Amino acid sequence: MKVAILGSGAMGSLFGGMLAEGGCDVTLIDIWKEHMDRVNASGLSIEGVRGDRVISSLRGVTDPREAGEADLVIVFVKATATKAAMEGARSLLGPDTAVLTLQNGLGNGEKLAEVIGGERVLAGITGHGCTLLGPGRIRHAGAGDTVLGELKGKITPRLKRIAAVLEESGFSVRMTENVSGLIWTKLLANVGINALTALTGLRNGQLLDYPETEELLRLAVHEAVAVAEGKGIRLEVEDPVEHCREIARRTASNRSSMLQDVTARRQTEIDVINGAIAEEGAALGIPAPVNRVLTNLVKVRQKTYGELE
Ligand code: PAF
């Protein structure tokens, strides 16, 4: 299968690398030229939970037009860039190309559907944790399940085909007919972990070591559950707080994507994680003050990059 990874930071590189190991023809696409150049010159170096290795059977490009048409595009750009990235990557689409988003946060599938039409789009979540160490180098900090679904719900032959290709490449995969419940379930983990790690500098697992962060994790997730219930979302887990704790434990040594963003002084995905809970809650008349506080603090952090140190 010909696979293009649109946005090849830590997670995009991990998926691209493992799919290349599984025999797919993979092109990584990322605007960070040094990273793509290093992949082309020396391969992608992965260290961590599945062992250390260098994968040379993939290539990197900075312009999607160099990648040609793909059978499958996996979107891993920051949620803030979803629409613009897809608009600039139409050249990846042939008549039957499927586009799968595994990004964090709310609304990515819908944004892709606005650009390319809903029939091409699949969505999902992944429990893997990964850190970009430098150009051409990533650390796979924790493994978890990857769950996929069609935006329109049904388990289709193409969904089964994509799930099988991921399985053959070493991913543990499940399919669901409840993709919005799935995305909300993952969102609840990001709601509990990402902003708190970004603000404190703690690794995911360390959030559970301190009663103060553990309490905030719990309160933020409880608010998000109330909003999900208000929207009629069918969550995929019985106990979302325990699910969030479990993800923090399974990716204990990981620096969350939002912590990696603030460390590198990049814009974060706060608006589609805690910010989305505060906004959706306000629209429904469901208070979400902890999520509002976390959102505002991360935003101030972003606005003052470089000013306070
Ligand atoms: O955003 C992240 O970092 C990841 O979604 C997760 C699961 C919190 C692991 O670090």
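The values are calculated or read from the model by the stated rules, or taken from the named source; none is laboratory data. Everything numeric here is computed off the predicted structure, so don't read it as measured data. Glycine gets a Cβ as well: all are built from the backbone with ideal geometry, and neighbour counts include every protein chain shown.
Taking the range 181-190 as the range and being over 10 Å from Leu235 (Cβ atoms) and more than 10 Å from the ligand (Cβ to nearest atom) as the test, only Ile183 passes.
The rows are residues; the columns are (1) of a type in the set (A, V, I, L, M); (2) surrounded by fewer than 18 Cβ atoms within 10 Å (Cβ to Cβ).
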{"site": "Gly124", "(1), (2)": "no, no"}
{"site": "Thr131", "(1), (2)": "no, no"}
{"site": "Ser172", "(1), (2)": "no, yes"}
{"site": "Glu177", "(1), (2)": "no, yes"}
{"site": "Ile183", "(1), (2)": "yes, no"}
{"site": "Gly192", "(1), (2)": "no, no"}
{"site": "Gly201", "(1), (2)": "no, yes"}
{"site": "Leu208", "(1), (2)": "yes, yes"}
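Of the strands (runs of 3 or more DSSP E) lying entirely inside the range 2-73, those carrying at least 3 residues that are touching a residue at least 24 places away in the same chain (Cβ under 8 Å) are 2-6, 25-29, 44-48, 58-61. When the residues of the range 255-285 are filtered to those that are within 15 Å of the ligand (Cβ to nearest atom) and in a loop (DSSP other than H, G, I, E, B), the one that is surrounded by the most Cβ atoms within 10 Å (Cβ to Cβ) is Ile273.
Counted as qualifying within the range 115-184 are the strands (runs of 3 or more DSSP E) with 1 or more residues that are under 19 Å from the mean Cα position of the chain (by Cα) and among the small types (Gly, Ala, Ser), namely 121-126, 129-134, 137-142, 146-150. If you check Thr197, Thr176 for being hydroxyl-bearing (Ser, Thr, Tyr) and closer than 27 Å to Leu72 by Cα, only one passes: Thr176. If the condition is being part of a helix (DSSP H, G or I) and of a type in the set (Ser, Thr, Tyr), then the range 286-307 contributes only Thr295.
Table: residues versus (1) within 15 Å of the ligand (Cβ to nearest atom); (2) among the charged types (D, E, K, R); (3) in contact with a Phe, Trp or Tyr (Cβ under 7 Å, 6 or more places away or on another chain); (4) at pLDDT below 95.
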position: Ala198; (1), (2), (3), (4): yes, no, no, no
position: Thr213; (1), (2), (3), (4): yes, no, no, no
position: Lys231; (1), (2), (3), (4): no, yes, no, no
position: Arg245; (1), (2), (3), (4): yes, yes, no, no
position: Ser253; (1), (2), (3), (4): yes, no, no, yes
